[in-house]
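See below for the structure under consideration.
FYI, it's all coordinate maths here, none of it is from the lab. Just so you know, these numbers come straight off a predicted model, no measurement behind them. Cβ: placed from backbone, ideal geometry, glycine included. Neighbour counts: every protein chain shown.
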Amino acid sequence: MVTNLIESLVALLGVVVVSFFLPQKWLREVFVSRGSVLAASVLISIMVFEYHFDKPADYYSKLPVLLIIIFSIACVLTFLAGRIGPVRRAVEVFAENAVIFLFISLPVSLLSLIVVAFRNLS
Amino acid sequence: MEHISRRDFLKLAAMVPATLAFSQTILPNPIGLDSPNIIILVFDAMSADNLSIYGYPRKTTPNFEELAQRSNVYHSHYSAGSFTTSGTASLLTGLYPWTHRAIDEGGQVVPAYADKNIFSVIGKSYDRAGFGQNIWAELLLGEFRSNLDIHLPPSAFSVREQLGGDLFQKDSPIGYYAYDDFLFHLGDSPKSVIFGLLDRFLFGYRLRSVPTDGYPSSNRGGENYIYVPHSDNYKIYYNLEDVFRGLLTQLHKLDQPFLTYFHLWSPHAPYTPRQEFIELFKHDGFNPTRKPKHPLSDQLSVETMNYARLLYDAYVANVDSEFGKFLDELTTSGILDKTYLILTSDHGEMFERGIIGHENPLMYDPGLHIPLLISAPGQTIRDDVYSQTNSVDVLPTLLRFAGRAIPDWAEGQLLPGFGGVEDNSRATFTVDAKLCSSFGKLSIASMAMRKNGYKLSYYLGYGNTDWFELYNLQNDPEELTDLFDENDTTSRILKDELLTAFNKNSGPLRG
């Protein structure tokens, strides 16, 4: 839970940092859909690659190529997510409904973080 | 005396250290027979069936044979468990798996027995050290850590390691479970997507500089395979020389008397011997007995199994070679003169019937028959014991070495040669129930009972029907002829006894 919380914050931070550097008009109306697709496509791409790599040394030797592919796919999907109306609306509905998970996972994750920190870092 | 003068007091004060100094010269050495050191050395997944000391055609263990010249050698010693968790727990607690219930992969002993282990019963007068290079053994040591004076992490003596569990000193078992077993486990894609990527990238980078001199240069493991001893599941890469050297250093640091439990990963898969040991057997023409493929096996080909066997045998020879140096140092340093050295394993390894390894429920000897050598302080002769013994017998025997009483909860008995008697009429068991909950009924399980030279195996919950197999281990050591349907009387008697024991112990835990 603790790792998931921190990892989610890192992923969110990544989306925010990307948004900070991109022109406002690219994201103003479609932040939710493009942000969601960007995060999901990057994470799913990483998962696919991690599934196929079974040796630690693979990660070092193949990671540069892997990152180029991941971000190319993510850029294309993120661009399309803002352009295709039905896709945009579907992503927005999904994201809106997924908010319910925050009400569960955030308090539990924070509690987990406090327990781990209290027991092991004191 | 009316009063004590200053002079009287000074005389008295001078007498105290003088008396204490004198006592050191006339009292027996505290490291005598009453409190010898004890070293338990466990080689993970070492099958007795592949050791030349037990008659294997390949010369895999010349140094074990050297130790055997001054040891008790147990020829029919079996693990009570079929894989690391259950086998190690039985060795450490003297209890069968259906009692201690560390039965699932990475499991721990149930709370009722958590304080019943070799470290607690031998007591605080011993300096007690534990080292489990296998994480699943480490999880048990972590459970018993309040009974350990020194607890080395699994990553100790490694060339490269990247474990996180030991960062959580007060929650190390949970740390290993959550961090190394769940989030960053090497055997699967990591559960932590972003950190897992970074973790493996960093470890991959660090592995690039691991020295591989002397190891095969072929890409047998595929591109980017680092061919040195390691765990496939956890981020530990090591050299056997470093591990044995580290253990020796640790031994010299301990206060005597000491009890050490050193559980080495090798020769567990992946089999990574040095090239010179592969060359020993590569073209020897050895052709193991062919056995029928079992329905519960992976249906592997004979060629695949024989090649894995070759690497395993070479790895065992490699381990034996490094053990030989370790033994020499123990001898020359004088440690062995006041130490019981116990050499054993937690379970065996199979290269037959369509199977490589031990991750199956089958009860055939290669997976359960393990080495046991015990060298007593000053022992100069070899004593061979052929009657069947079990890993649950180690705890009571070890307590005898230390002059401790054997607790009534111990399920084993003294080993022959150390107070016990050779008794083949006694029933001993091996239990596998890795698919069951520790606290529930053992509804999917396999077990073997040995008695009077026979072995009866029982498979419960695998497939549509349960079944038994009976082998006469004296006439048919390769277990090729199933006698269960042929020998009605023996089958019935053994079946009744096995089922009685199983039904008594396999229910859900209460309280």
Let's test the formula: R0 of 25 Å, r as the Cβ-Cβ distance of A:ARG83 and B:PHE195. What FRET efficiency results, to the nearest 0.05?
0.15
Of the options B:GLN256, B:MET350, A:PRO23, report the single residue whose Cα projects farthest towards the positive end of the charge dipole of the protein assembly as shown (beta-carbon charges: Lys, Arg +1; Asp, Glu -1).
A:PRO23
Place a point 7 Å from Cα of B:ASN452 in the direction of its Cβ. Which residues in region B:403-430 have their backbone N less than 17 Å from it?
B:423-429
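Under the definition of Cα pairs under 8 Å and six or more residues apart, what whole-number percent is the relative contact order of chain B?
Values: 995 pairs, mean separation 123.4, N = 511.
24 percent.
How many Cβ atoms of partner chains, on average, are near each residue of A:2-12 if near means within 10 Å of its Cβ?
On the way: counts 3, 10, 4, 0, 3, 7, 1, 0, 3, 2, 0.
Mean inter-chain Cβ contacts per residue within 10 Å come to 3.
Using the Cα atoms as the points, what is the convex hull volume per residue of region B:371-471 in Å³? Write down the numbers at each step before the final one.
Numbers: hull volume 13.5 nm³, N = 101.
For region B:371-471, the hull spanned by Cα atoms encloses 134 Å³ per residue.
Quote the FRET efficiency, to the nearest 0.05, computed for B:ASN287 versus B:SER125 with a Förster distance R0 of 51 Å and r equal to the Cβ-Cβ distance.
So, using R0 = 51 Å, E works out to roughly 0.45.
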Give me the distance in nm between label points sitting 7 Å out from Cα along the Cα-to-Cβ direction at A:VAL17 and B:THR481, one decimal.
7.2
Along the charge dipole of region B:88-171, Cβ charges K/R +1 and D/E -1, which of B:GLY142, B:GLY130, B:THR93 sits furthest on the positive end?
B:THR93
Run the quick spin-label model on B:LEU248 and B:LEU296: label points 7 Å from Cα toward the beta carbon, then report their separation in nm to one decimal.
4.3
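Tell me whether region B:227-334 comes out rounded, prolate or oblate; compute the Cα gyration tensor, take square roots of the eigenvalues as a ≥ b ≥ c, and use a/c under 1.5 as the rounded threshold.
Working: a/c = 2.47, a/b = 2.01, b/c = 1.23.
Prolate is the answer for region B:227-334, as a/c is 1.5 or above and a/b outweighs b/c.
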I'd like to compare B:460-473, B:411-424: which one has the highest average count of other Cβ atoms within 10 Å, and what's the full order after that?
B:411-424, B:460-473
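If you count, for every residue in A:41-51, the Cβ atoms of partner chains within 10 Å of its Cβ, what is the mean? Don't skip to the answer; put the middle values down first.
Numbers: counts 0, 2, 3, 1, 1, 6, 5, 1, 2, 9, 3.
Neighbouring Cβ atoms belonging to other protein chains average 3 per residue here.
What ranking do B:200-212, B:442-454 get when scored by the average of other Cβ atoms within 10 Å per residue, highest first? The partial results should precede the final answer.
On the way: B:200-212: 16.3, B:442-454: 20.5.
For the peptides B:200-212, B:442-454, the packing ranking is B:442-454, B:200-212.
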Sum of -39500 (n - 2.57) over DSSP H runs of 4+, divided by residues of chain B (222 nm, nearest 500):
-9500 deg cm²/dmol
Set the Förster distance to 51 Å, then compute FRET efficiency between B:GLU276 and A:ILE44 from the Cβ-Cβ distance, nearest 0.05.
0.65
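Across peptide A:60-66, how many C-beta atoms of other chains are within 10 Å of each residue C-beta, on average?
Working: counts 10, 5, 4, 6, 0, 0, 2.
Per-residue shielding by partner chains comes out at 4.
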Expressed as a rounded percentage, what relative contact order does region A:2-120 have, with Cα pairs under 8 Å and six or more residues apart?
40
Relative contact order of region B:187-270, please, whole-number percent, based on alpha carbon pairs below 8 angstrom and at least 6 residues apart.
24
Could you tell me which residue out of A:PHE71, A:GLY82, A:MET47 lies farthest along the dipole of region A:2-120 toward its positive end? Charges go on the beta carbon: Lys and Arg +1, Asp and Glu -1, centred on the Cα centre.
A:GLY82
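Counting Lys and Arg as +1 and Asp and Glu as -1, each charge on the Cβ, what is the dipole of the protein assembly as shown about the Cα centre in debye, to the nearest 20?
On the way: 52 positive and 69 negative charges, 406 e Å.
It works out to roughly 1960 debye.
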Note: B:ARG400 to B:PHE182 extended length (0.36 nm per residue) minus current alpha-carbon separation gives 74.4 nm
Note to self: C-alpha centroids of region B:362-408 and region B:289-331 sit apart, in Å, by 23
What are the lysines whose alpha-carbon lies under 29 Å from the alpha-carbon of B:LYS451, with same-chain residues fewer than 8 places away excluded?
B:LYS116, B:LYS291, B:LYS293, B:LYS434, B:LYS441, B:LYS495, B:LYS504
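For the protein assembly as shown, report the translational diffusion coefficient in µm²/s to the nearest whole number, using Stokes-Einstein at 10 °C, 1.306 mPa s, and a Kirkwood Rh over Cα pairs. Please list the in-between numbers first.
Details: Rh = 27.5 Å.
Stokes-Einstein gives a translational diffusion coefficient of 58 µm²/s.
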With +1 on each Lys and Arg Cβ and -1 on each Asp and Glu Cβ, and nothing else charged, work out how big the dipole of chain B is about its Cα centre, in Debye to the nearest 20.
1140
Rg over Rh, two decimals, chain B (C-alpha only, Kirkwood Rh)
1.01
Which helices pass in chain B if a helix is a full DSSP H run, must span at least 27 angstrom along its long axis by Cα, and must have mean Kyte-Doolittle hydropathy not below -0.5?
B:6-26, B:302-332
Sort out for me the Cα centre separation of region A:1-55 from region B:227-274, rounded to whole Å.
41
